[in-house]
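Reading through the structure tokens given below for one structure.
Only the coordinates and a few stated rules stand behind these numbers; no lab work does. Treat the numbers as computed from the prediction; the structure is a model and nothing was measured. Because the Cβ atoms are built from the backbone with ideal geometry, glycine has one as well, and the counts that use them run over all protein chains shown.
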Amino acid sequence: MSRRPSVSPVHFRLMPARLACLALVPLVGPTLLAAETTTPDNTAPGASAPTAIPAPAARPSFGQDPKHVRPPEPSAEAEAEAVPVAGEDDDHLRFPPQDATGEQSYPYLQLNGLIEAGWVYTKPYEGPREDEGIISTLELMMTFQPHPWVKVQASGLYEDNGRAPLELDVAQLRVGPPEGTWFVDGGQFYLPFGRYESNMVSDPLTLELGETREIAGAVGFELDQFFGAAYAFEGEQHEEDGQRGNEWGLEVGYAAQIGAHPLTLALGYLSDLGDADSLREVVEDDDRVGGLAASLLFEAGPWTLIGEYVTATERFDLGAGEALAEQQPSAWMLEAGYGFDLFSKPAQIAVGYQGSAEALALELPAARGLVTFNLEIYDYTILQLEYVHDQDYGAGEGGTGNSGNGFTAQVAIAF
């Protein structure tokens with residue numbers, strides 16, 4: 001069977017805010033994080049600075065799918081200048097709307113959505129070239145907040161022209177004070193193991209390895225520049241007498257300013273990497289193998305630098321099955337993005353280099369290079385063009401030794 005490069009057209013992380021989900025930092029603050037535009041520090045006096053498409057939030061939403069986004073929001077400056085009108089809603093589909101002072105009455109219901117559609121071309125490692133038009137993502141999320149301390153969210157998800165079944169993606173309850181110093185979560189959500197930030201269309205290889213969605217409970221905090229969360233869930237890999245094994249994880253992070261430049265560092269641990277979404281279908285039966293995830297995000301004017309590394313803490317034993325036996329899968333990514341104005345529209349170009357090791361069982365490429373161009377053509381509407389070049393593992397490692405290419409053109413509409 002021929003293997004194709006892992007070129008995915010369905011994921012979009014460019015916009016400054018994501019599809020409405022419970023945020024780790026400001027925890028239970030505003031319903032949607034305000035987007036911030038960045039400008040170069042060396043703008044000449046009197047010259048207009050380019051309006052860069054903002055980089056990903058330093059501490060992304062906790063519990064949401066990292067692949068999906070929330071709609072863009074007006075900048076803090078624009079919000080400060082706006083004069084609310086009593087009885088009129090803001091940019092969000094929210095009922096009841098905020099009053100003339102900007103205060104929200106409770107309870108309220110908010111609706112958000114994401115549609116991604118376009119054209120994809122792939123040249124696999126072996127076999128003929130392929131192309132197709134595709135509805136990559138159709139997602140709808142409802143947020144119900146009966147009280148400032150209580151928020152409930154649920155989303156449905158349709159992907160890849162229906163190849164992935166329609167499913168309940170997130171169903172989550174959060175309790176915590178409005179100032180967001182702590183929170184308690186319960187339900188089905190994406191665990192804070194890895195950040196998976198990217199301005200690309202394709203998923204980063206770190207997400208392909210480590211993304212984990214579970215029915216879990218979590219507690220978290222934010223204290224000055226530090227933030228963190230601890231969570232627990234019933235894993236699927238170590239069932240005894242019909243009972244699932246108890247698994248857990250931790251994340252700690254640091255977010256601060258170096259001068260005027262935001263820096264975020266995060267470190268996560270998962271007690272059994274075999275429960276990650278990509279591995280649970282591959283691992284047969286094995287002792288627990290932990291996972292580590294480390295990430296960095298640095299912003300300097302219109303520039304954004306992102307780095308991440310996800311790895312198993314040790315090799316899987318023979319019980320994991322032939323595909324993973326004696327393997328210690330890992331993945332990494334480096335990415336740089338630059339924001340600028342194009343025909344008075346926010347635009348961005350991003351380049352990335354990624355790789356994996358001992359991850360042939362997950363059909364990840366050994367190396368990947370990417371170039372992506374993003375353009376905000378209308379409010380809430382982004383045009384994305386991406387070229388991907390993948391290099392397969394060598395024949396001695398079980399791969400083909402060949403290379404593959406892919407091109408994606410898509411439009412993402414978020415509201």
Quiz prompt | Cα centroid of the range 162-221 to Cα centroid of the range 241-314, whole Å | solution = 12 Å
Quiz item: Once a ≥ b ≥ c are taken as the square roots of the eigenvalues of the Cα gyration tensor of the range 133-289, is the result rounded (a/c under 1.5), prolate (a/b larger than b/c) or oblate (a/b not larger than b/c)?
Solution: rounded
Quiz item: Hey, rough spin-label estimate for residue 400 and residue 357, points 7 angstrom out along Cα→Cβ, what's it come to in nanometres?
Solution: 2.6 nm
Exercise. Let me know the shape class of the range 277-330, please: from the alpha-carbon gyration tensor, a ≥ b ≥ c as square roots of the eigenvalues, rounded when a/c is under 1.5, otherwise prolate if a/b is greater than b/c, or oblate.
Key: prolate
Quiz prompt | Relative contact order %, the range 166-308, counting alpha carbon pairs below 8 Å whose residues are six or more apart | solution = 20 percent
Exercise. Answer rounded, prolate or oblate for the range 239-398, using the Cα gyration tensor with square roots of eigenvalues a ≥ b ≥ c: rounded when a/c is under 1.5, else prolate when a/b is larger than b/c, else oblate.
Key: prolate
Quiz item: One-quarter of the Cα convex hull surface for the range 368-415, in nm²?
Solution: 4.1 nm²
Practice problem: Enumerate the residues in the range 368-394 having an amide nitrogen under 20 Å from the point lying 7 Å beyond the Cα of residue 315 toward its Cβ. | Solution: 393-394
Practice problem: Compute the FRET efficiency between residue 106 and residue 381 as 1/(1 + (r/R0)^6), taking r as their Cβ-Cβ distance and R0 = 22 Å, and round to the nearest 0.05. | Solution: 0.10
Quiz item: Of 206, 142, 184, which is farthest along the charge dipole of the range 125-210 in the positive direction, counting Lys and Arg as +1 and Asp and Glu as -1 at C-beta?
Solution: 184
Quiz item: Using the Cα atoms as the points, what is the convex hull volume per residue of the range 167-249 in Å³?
Solution: 138 Å³
